[in-house]
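Notes follow once the structure below has been shown.
The numbers here are math on the coordinates, done by the rules we state, and not lab data. The model shown is predicted, which means the values in this text are computed figures rather than measured ones. Heads up, the Cβs are rebuilt from the backbone with ideal geometry, glycines too, and the neighbour counts pull from every protein chain shown.
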Amino acid sequence: MVIAINLAILIGLIVAGLPVPFCFMTAAIYMGIVYDFSFSFLLPGGYYALNSLTLLSVPFFIMAGSLMSSSGIAERLTDFAQAFLGRMRGGMGAATIVACAIFGAISGTCSSAVACIGGIMIPRLEKLGYPRYYSVALVGCASVLGQLIPPSVPMILYAWVTQQSVAACFLATVIPGILTTILMCVVNWFEVKRLKTVRVEPQVPFFQKVQLIGSATKRGIWSLLMPVIILGGIYGGITTPTESAAIAVFYGILVGFLVHRELTPKVLGRALVDSSTTTGVCVLMLFFVSILAKVYTMQRIPQQLADFMMTISNNKMVLLLLVNVFLLIIGMLMDDFSGTMLSAPLLLPLMVAIGVHPVHFAAIMGTNLGLGNVTPPCAPILYLAGRIGGASIDEYFKPALKFMVFAQLPVILLTTYIPSLSMWLPRLVMGIQ
């Protein structure tokens, strides 16, 4: 009963529009009062939890995302994708999806992907006859690839909460992310075929196309090296995720100032302020979530929740379906950061009890929260795309729903019920059992 009231308070305040860190603060205060904990005992726990080298990668990845949009890196990534896919039916839409996937391999967040890629690609799509509402739906749904294609900030937070390998959690979402990308491109192809207003850029001879691709590659080579440096360093055992994130920021500044020459001290200062503000919100939220998680653990609430779910059904398939529904609802109401921080400590004991590997659960959580982030009533990522693209929800919800039902939902089910989709790479690369 206490946990139900606690969740009701937390979700109710979020729906009411209170800033997320203060929602978690109120929930933590409620739990402290109910269980008569001294806050002089709880507060040091929050500070201790934040003393983590892994968490230091979060502000660096946020900063890397900010730099991409202001140093010319993101624009060159979209030009590269457009050179390959732009001259076919639905090609520009597919290029937008691929650009979101590549961007996700650098920034690690949905919100930065939709803000950056949306600002670049929506006007380009509109020039080719794509309705603005459709472009908004496309960018909003494709931006969830930012938390599936590694590095992913939500996966870093999940690994921190559950004491798992960050690199293994990154690998768990690679195949689901690729499948989502492919299915979104397929859905886009059918939708563009139906939209009569969409124009296709004229075809060019093969050798000219090769020249265009070569030119885009040459222009964007420094941008394309960024994800290679980040992921190559992590999986090559050269750097930790935190060190790779710091290198990404340093690399982005060098490229912005010395190579592209589009970054100025004023723009860099604005990027630092924006990323610092976002980081401050995240740190405040993590502080109160850590306190809340400590109370949950001390009162064995995750175990009680697992026992309660087992009384509903002891069938693994049914329990996984219930967990998917729970995660989807959480994703509808919260952003990917707070949804991960709340769900991971609550549901992991249940997952372990029914034989789900924690790394497999990372992929289940990532895919579900991604869909929830673009599903009303709250749909924070989809609404952000609407604000950037200047379209109303009643216009872009229908095409967005098609991407959700025919691309994202099948991947969720496949990821949930076929563990090898998420476990094959961690086992191959890292020997995870």
Angle between the Cα long axis of helix 20-34 and the longest principal axis of the chain, 0 to 90 degrees, nearest 10? 10
From DSSP H assignment alone, runs of 4+ in the chain each adding -39500 (n - 2.57), the sum over residues rounded to the nearest 500 puts [θ] at 222 nm at -25500 deg cm²/dmol
If I stretch the segment between Ile9 and Met298 completely, what's the gain in nm (0.36 nm per residue apart, minus their alpha carbon distance), one decimal? 102.0 nm
I need the peptides 405-413, 110-118, 258-266 ranked by packing, meaning the mean over residues of other C-beta atoms within 10 angstrom, with the highest value on top. 110-118, 405-413, 258-266
At a Cα cut-off below 19 Å, give the aspartates and glutamates reachable from Lys209, other chains included and same-chain residues fewer than 8 away excluded. Asp79, Glu201
Identify which of the listed values of mean projected area of the Cα convex hull in nm² was calculated from the structure shown: (i) 33.1; (ii) 27.4; (iii) 20.9. (iii)
Using the Karplus equation 6.51 cos²θ - 1.76 cosθ + 1.60 (θ = phi - 60°), what ³J(HN,Hα) coupling, rounded to whole Hz, does each residue of segment 214-226 give in order, writing x for Gly and Pro? x, 5, 5, 5, 5, 5, x, 4, 5, 6, 5, 6, 4
Between Asp36 and Thr279, what length comes free when the chain is fully extended (0.36 nm per residue of separation minus the Cα-Cα distance, one decimal in nm)? 84.3 nm
Label model pair Thr217, Lys398: point-to-point distance (7 angstrom along the Cα→beta-carbon line) in nm is 4.2
Helix 316-333: angle to the longest alpha-carbon principal axis of the chain, degrees 0 to 90, nearest 10? 70
Residues with beta-carbon under 11 Å from that of His260, excluding His260: net charge, scoring Lys, Arg +1 and Asp, Glu -1? +1
